[in-house]
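Participant: One structure, pasted below without further comment.
All of the numbers you see were taken from the coordinates with simple rules; none came from a lab. In this text, all values refer to a predicted model and were calculated from it rather than measured experimentally. Reconstructed Cβ throughout: ideal geometry from the backbone, glycine too, with neighbour counts over all protein chains shown.
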Amino acid sequence: MTVDSPRIPPEQQIAAIVAAHGADPTRLLAMLRATQAASGRVGGAEIDALAAALGIPRVRVESTASFYHLLHARPHGAYEILFSDNVVDRFAGKDELLSYLCEQLWVEPGKLSEDGLVYIDSTSDTGMGDHAPAALVNGRALPALNKNRLDLVAGLIRERRPLADWPPMLFDVALNVRKGGPLLAEPFAPGAALARAAALGPEGVLAELDAANLRGRGGAGYKAAWKWASCRKAQGKARYVICNADEGEPGTFKDRVLLQAQPDLVVEGMTIAGLVLGARRGFIYLRGEYLYLLDALEAVLARRRAAGLLGARILGTPGADFDIEIALGAGAYVCGEESALIESLEGKPGKPRNRPPYPDRSGFLGEPTLVNNVESFACAARIVERGAAWFAAIGTEQSAGTKLVSVSGDCRHPGTYEYPFGVTIRQVLADWGFDSDRIDALMACGAVRQR
Ligand SMILES: Cc1cc2nc3c(=O)[nH]c(=O)nc-3n(C[C@H](O)[C@H](O)[C@H](O)COP(=O)(O)O)c2cc1C
């Protein structure tokens, strides 16, 4: 709820929110987020109204609402400030800054101020390690905090200035790409990979991915070509493509940087997957803490639809229909796990499913679903654009291509680095700003064991 939200009875607000989401219960999480933005909380009255408007059991709404830590049953006032809390934020002075802001605004951490205006607390790592200490204000990223910035924030809150009128520099998230490569730094012409995919055909695209030896960048390292081929073959009424942008591992932020630096590359990888698999719907599951990326990503999708690169008749081809929606998370680390993510996308608490079956057979709404990481989709687009041989020649025989690395904490040069697989640890530590004496010491004591 903002300082100038009109007072509309919750039932009326909620009926409008439910209608705006097509009264589709799989979109419950989005409705809960919208409800909280409108009425300042998702408490008993809001839950009753949502359950009634959707015609689903109350317990279903309540179990989803109570699962996500960015949703709250009690009001958090017109300004909710949540300080990112991980070791890097603490190292950069987060605890001191949180106390400082509380003193400035006469509020205790975790308690709504007496005038109902402001709530200040800590939250899990918000994915801004290279801009620590960071916070969220009403869900929007406030990077690189210090006392001067917090004085400004406190003044704006005392004046009850709406967020839309806050100085934009408070929200600027610098890219901090310290070392770029084909994913982060080299220009990409939207449509270039799609045009080559059309020329190759679905089997040709799968053969390129296979020959490139692309392995998933989300952690498990599963071969992308196998997953795409298995999902393409699986029987179902519909197929779906999901980009996993939940990135909740403390200290990681490389997917955020890639989505900010090269959104077209990621979306083009997803679109190629959609056409190869015969899917018509795709989702970017964006972690709630990355709300600040939402408008820019929606603009990219709109631009691509207008250019014939997304939506109906992609590249003017009849039947080549695939579109993408962005689904925001609401704070739950476990939703990075693909089956928990799918549960969340269905409007449920993000609890992992028993596997098998894996999502490529039974995923979103029980249908064949491809889930890949943000970086995996960007790699796929580059492979299709430039060819498998180009990709396989980067890195090592076992691990082809480049890898994005998020660096923050006790180092001189925090940011995102793109390295070919096989780079030496010595090189990496030197890039991050470690002196050679310190690198030698780390190696000598066994803290760093590789080359
Ligand atoms: C607890 C947990 C958290 C995870 N978090 C993420 C995540 O934030 N992003 C991601 O892409 N994969 C994450 N994964 C892995 C996904 O389940 C899945 O393997 C991955 O999205 C597949 O994409 P890929 O094949 O492109 O790597 C997580 C797995 C577990 C068990």
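Participant: What does the net charge come to around Gly221 if you take all other residues with beta carbon closer than 13 Å to its beta carbon, with K and R at +1 and D and E at -1?
Facilitator: On the way: positive: Arg215, Arg217, Lys223, Lys227, Lys403; negative: Glu375.
Charge balance in the 13 Å sphere: +4.
Participant: Of the GluC sites (Glu not before Pro) in the range 365-451, which ones lie in a loop per DSSP and count no more than 12 other C-beta atoms within 10 Å? Provide the component values of the computation, followed by the final result.
Facilitator: Numbers: sites: Glu375, Glu385, Glu397, Glu418; in loops: Glu397.
Those that pass, being in a loop and sparsely packed, are Glu397.
Participant: In addition: Using modelled backbone amide H atoms (1.01 Å from N, in-plane), which distant-in-sequence or interchain residues come within less than 5 Å of Leu142's amide H?
Facilitator: Ala135, Leu136, Val137
Participant: Using square roots of five times the C-alpha gyration tensor eigenvalues, list the equivalent-ellipsoid semi-axes of the range 10-67 in whole Å, biggest first. Numbers along the way, then the final one.
Facilitator: Working: eigenvalues 36, 33, 22 Å².
In descending order, the three semi-axes are 13, 13, 10 Å.
Participant: Enumerate the aspartates and glutamates that Lys233 could reach by cross-link, defined here as Cα to Cα under 13 Å, with residues fewer than 8 away along the same chain left out.
Facilitator: Output for Lys233: Glu203, Asp360, Glu367.
Participant: Which whole-Hz couplings ³J(HN,Hα) result when phi for each residue of the range 365-372 is put into the Karplus expression 6.51 cos²θ - 1.76 cosθ + 1.60, θ = phi - 60°, listed in order with x for Gly and Pro?
Facilitator: 3J(HN,Hα) across the range 365-372, in whole Hz: 6, x, 9, x, 9, 9, 10, 10.
Participant: Let me ask you something else. Once you have all Cα-Cα distances for the range 402-444, histogram them in 5 Å bins from zero and send the whole-percent values.
Facilitator: In order of increasing distance, the bins hold 6, 22, 30, 25, 15, 2 percent.
Participant: Can you list the trypsin sites (Lys or Arg not before Pro) in the range 347-445 that are in a DSSP coil and have 14 or fewer other beta carbons within 10 angstrom? Walk me through the numbers before you get to the answer.
Facilitator: Working: sites: Arg353, Arg361, Arg382, Arg386, Lys403, Arg412, Arg426, Arg438; in loops: Arg353, Arg361, Arg412.
Of the trypsin sites (Lys or Arg not before Pro), the ones in loops of the range 347-445 whose Cβ has at most 14 other Cβ atoms within 10 Å are Arg412.
Participant: What is the set of long-range amide H partners of Asn373 at a cut-off below 5 Å, with H atoms built 1.01 Å from backbone N?
Facilitator: Amide H to amide H, under 5 Å and 5 or more residues apart or across chains, Asn373 pairs with Arg217, Gly218, Asn244.
Participant: How far apart, in nm, are two points set 7 Å out from the Cα along the Cα-to-Cβ line at Ala393 and at Asp295?
Facilitator: Calculated label separation equals 4.3 nm.
Participant: Let me ask you something else. Putting +1 on Lys and Arg Cβ atoms and -1 on Asp and Glu Cβ atoms, find which of Thr123, Val177, Ala192 reaches farthest to the positive end of the dipole of the range 104-233.
Facilitator: Farthest along the dipole direction, towards plus: Ala192.
Participant: Out of every Cα-Cα pair in the range 183-392, what percent are more than 27 Å apart?
Facilitator: Working: 4944 of 21945 pairs.
The calculated P(r) of the range 183-392 puts 23 percent of pairs beyond 27 Å.
Participant: Hey, could you grab the Kirkwood Rh for the range 52-183? Inverse mean 1/r over distinct alpha carbon pairs, Å, one decimal. Provide the component values of the computation, followed by the final result.
Facilitator: Working: mean 1/r = 0.0617 Å⁻¹.
Kirkwood hydrodynamic radius for the range 52-183: 16.2 Å.
Participant: log₁₀ I(q)/I(0) of the chain at q = 0.07 Å⁻¹, via Debye over equal Cα point scatterers, no solvent, to two decimals?
Facilitator: Those come out to -0.38, one per q.
Participant: Pull up the cross-link candidates among the lysines for Lys237, meaning alpha carbon to alpha carbon under 28 Å and not fewer than 8 places away within one chain.
Facilitator: Once the sequence-local lysines are set aside, what remains near Lys237 is Lys223, Lys227, Lys348, Lys351.
Participant: Relative to 2.2 N^0.38 Å, what does the C-alpha radius of gyration of the range 155-266 come to as a ratio? Two decimals please.
Facilitator: On the way: Rg = 19.6 Å, N = 112, 2.2 N^0.38 = 13.2 Å.
Rg over 2.2 N^0.38 Å, computed on Cα atoms: 1.48.
Participant: Please give the FRET efficiency for His413 paired with Arg161, using the beta carbon to beta carbon distance and R0 = 35 Å, rounded to the nearest 0.05.
Facilitator: Numbers: r = 35 Å, r/R0 = 1.00.
Result of the calculation: an efficiency of 0.50.
Participant: Given the chain, what percent of its DSSP beta bridges are antiparallel, to the nearest 5?
Facilitator: Numbers: 15 of 41 bridges.
The answer is about 35 percent antiparallel.
Participant: Same structure again: Antiparallel DSSP bridges in the range 183-392: what percent, to the nearest 5?
Facilitator: Details: 2 of 19 bridges.
About 10 percent, rounded to the nearest 5.
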